[in-house]
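Encoded as structure tokens, the structure appears first; notes follow it.
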Amino acid sequence: MTATHYIDGGRVASQGTETIAVIDPSDGQRFGEIARGNAADVDAAVRAARKAMGENFDGPWGAMTALERGRLLAKLGAAVMQHHEELAQLEARDTGKALRVARNDATALARYFEYYAGACDKLHGDTLPYERGYTVLTVRMPHGVTGHIIPWNYPMQIAGRSVGASLAAGNACVVKPAEDASLSLLRLAEIATEVGFPAGALNVVTGYGREAGAALCAHRGIDHISFTGSTITGRSVGLAAAERHCPVTLELGGKSPQLVFADADLDAAVPVLLNAIIQNAGQTCSAGSRVLVEQSVYEEVVKRLSECFSAVRSGPPADDLDMGPLINEKQFRQVRDMVATAEANGVKVAARGTVSSNASANGYYQEAVLFRDVPADSELAQREVFGPVLAVMPFADEAEAIRLANGTDFGLVAGVWTRDGGRQLRVANKLHCGQVFINNYGAAGGVELPFGGVKSSGFGREKGFEALLGFTTLKTIAIKHG
Ligand code: TXE
């Protein structure tokens, strides 16, 4: 593995000489290195993307018709499926995620390209009624060159959703993957060239956020930034974008609640409540990390969840158990410290999972932990743990359930479990968040479903047709013809 970026249709050595070690989270061992990109590397990638777009969108990528872009995206989706196992294995090694999850991510990556391939030539403006003697129309234009800052938890899914939509809308892209998970996206850029994407349409610069990431946000050649990551970094990305009036989409995680009412189908709910927090070892922005349960079924739900949590096993990605290790030592410490603090503060552990005996002692394995009776104002109920740690708490009635659900700084996703149709919609309408799932959660990924948050969970929408609109700018053309 050579430490290179992917710029202008090929692997390119970094302009600096430094590299970043690639660590296998399952044993803490170094197994490669990536380039530590700097502002000069970012500049080279932005120039390549601008060249692909052309000054007046007349470059090799900028001049393509929607039909041509759609056909290329369809080819990319098919090629990702051909390289499916290779990409999944690479991702599992790089991030530690269970192989099953990495395979699902590769499928989702292909699905985003398929979805947006079909959407390219359905994206259009409008004609507007106006004064006599005029015809007014709107045209959806690409921004130009878009920057994509990707976290480590779902590199393929998150890059797929934002790069897929951006390319479909006609932009050229510069991607800055997370320093802990860059391998699959470097490979993706190569595959894009193999299927015929013009040089510069999709570039990848690896490196640290404070260096390559910050340089991308500050670059005047970037016309839109899509960021997924922590609330704190999202704020600095937003500020950097504001400095030069650059539009930005921020997807910043959450503390998503699932509300379980007494009339819920518990047989259906409990496995979904479990999966919503242990999937990808809890390192999911939309993880259902708080479960609020109506008092009369509270003990029953805690009992059933405890049985499930006790059976959850973590182990090496290749063993494909319920969970793999966490991404890195920093994340491992964060989760361990939050669990220890909660216990020290007297929050009760209802159940714990186990780590398999063949897991390396140097890997970042965190067992699943179920906390009960979690105080609504505690750290565990308010802060994103980003690990397999679930906070369960009771509520007395619908009003209290809504108050607790809305009682954090976040607002990304919520789940509502009830058979009462009136309550389903009444509660969904009162929840402050970007997605509500009723009697399900996560809807199997939902490539088609607009996704994003309110409050500290960010703004703007990824996924679905809505994301496509966000990667365009609307131009109004008024024609006076008498
Ligand atoms: O995130 P960062 P980190 C949460 C989770 C986790 C915490 C910290 O709680 O424990 O964030 O993780 C790039 N300018 N989430 O430190 O810093 C960085 O290189 C431009 C939630 O990994 O947000 C990486 O590519 N870019 C989350 C990306 O930002 C910068 C997913 C995310 O890193 C930058 C991941 C800068 N100044 C973590 N600084 C979710 N919402 O899914 C860093 N980056």
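The values are calculated or read from the model by the stated rules, or taken from the named source; none is laboratory data. Fair warning: this is a prediction, and the values are worked out from it, not measured in the lab. Using ideal geometry, Cβ is built from the backbone for each residue, glycine included, and neighbour counts are taken over all protein chains shown. Accessible surface areas use protein heavy atoms only, side chains included; no ligands, DNA or RNA. Shrake-Rupley method; radii C 1.70, N 1.55, O 1.52, S 1.80 Å.
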message = What does the C-alpha gyration tensor say about the overall shape of the range 257-446? Classify as rounded when a/c is under 1.5, otherwise prolate if a/b is larger than b/c, or oblate.
response = prolate
note = Quick calc, the range 342-482, dipole around Cα centre from Cβ unit charges on Lys, Arg (+) and Asp, Glu (-), nearest 20 debye, gives 540 debye
Inter-label distance, nm, simple model (7 Å from Cα along the C-beta direction), THR138/LEU239 = 3.4 nm
message = To check you understand DSSP bridge types, tell me what percent of the beta bridges within the chain (both residues inside) are antiparallel, rounded to 5.
response = 45 percent
task = Return the sequence-ordered ³J(HN,Hα) values of the range 264-274 in whole Hz as given by the Karplus equation 6.51 cos²θ - 1.76 cosθ + 1.60 applied to θ = phi - 60°, using x for Gly and Pro.
result = 5, 7, 5, 4, 7, 6, 4, x, 6, 4, 5
query = Between the range 275-300 and the range 147-193, what's the alpha-carbon centroid distance in Å?
reply = 29 Å
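Loop-only check: which trypsin sites (Lys or Arg not before Pro) in the range 90-141 are DSSP coil with at most 10 other Cβ within 10 angstrom?
On the way: sites: ARG93, LYS97, ARG100, ARG103, ARG111, LYS122, ARG132, ARG140; in loops: LYS97, ARG132.
Taking the range 90-141 and a limit of 10 other Cβ atoms within 10 Å, the loop trypsin sites (Lys or Arg not before Pro) found are ARG132.
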query = So if R0 is 22 Å, what FRET efficiency would GLU33 and ASP320 give, r being the distance between their Cβ atoms, rounded to the nearest 0.05?
reply = 0.20
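With r as the distance between the Cβ atoms of PHE465 and LYS303 and R0 = 35 Å, compute the FRET efficiency 1/(1 + (r/R0)^6) and round to 0.05.
Details: r = 43 Å, r/R0 = 1.22.
With a Förster radius of 35 Å, E is 0.25.
To the nearest 0.05, what FRET efficiency results for GLU86 and ALA399 with a Förster distance of 60 Å applied to their C-beta separation?
Approximately 0.70, to the nearest 0.05.
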remark   = Taking a ≥ b ≥ c as the square roots of the eigenvalues of the Cα gyration tensor, with a/c under 1.5 meaning rounded and otherwise prolate when a/b exceeds b/c and oblate if not, the range 134-281 is prolate
remark   = Ordering VAL297, VAL46 by the accessible surface of their heavy atoms, 1.4 Å probe, largest first, yields VAL297, VAL46
message = Could you work out what % of the accessible surface of the range 257-446 is carbon and sulfur, using a 1.4 angstrom probe and leaving DNA, RNA and ligands out of the count?
response = 48 percent
ask   = In debye, nearest 20: dipole of the range 257-446 around its Cα centre with unit charges on the Cβ of K, R (+) and D, E (-)?
value = 240 debye
note = Quick shape check on the chain: root eigenvalues a ≥ b ≥ c of the Cα gyration tensor, a/c under 1.5 is rounded, otherwise prolate if a/b tops b/c, else oblate, and it reads oblate
key: Inter-part distance where the range 204-246 and the range 315-389 are each reduced to a Cα centre, Å   = 30 Å
note = Taking every other residue with Cβ under 11 Å from the Cβ of PRO198 and scoring Lys and Arg +1, Asp and Glu -1, one gets 0
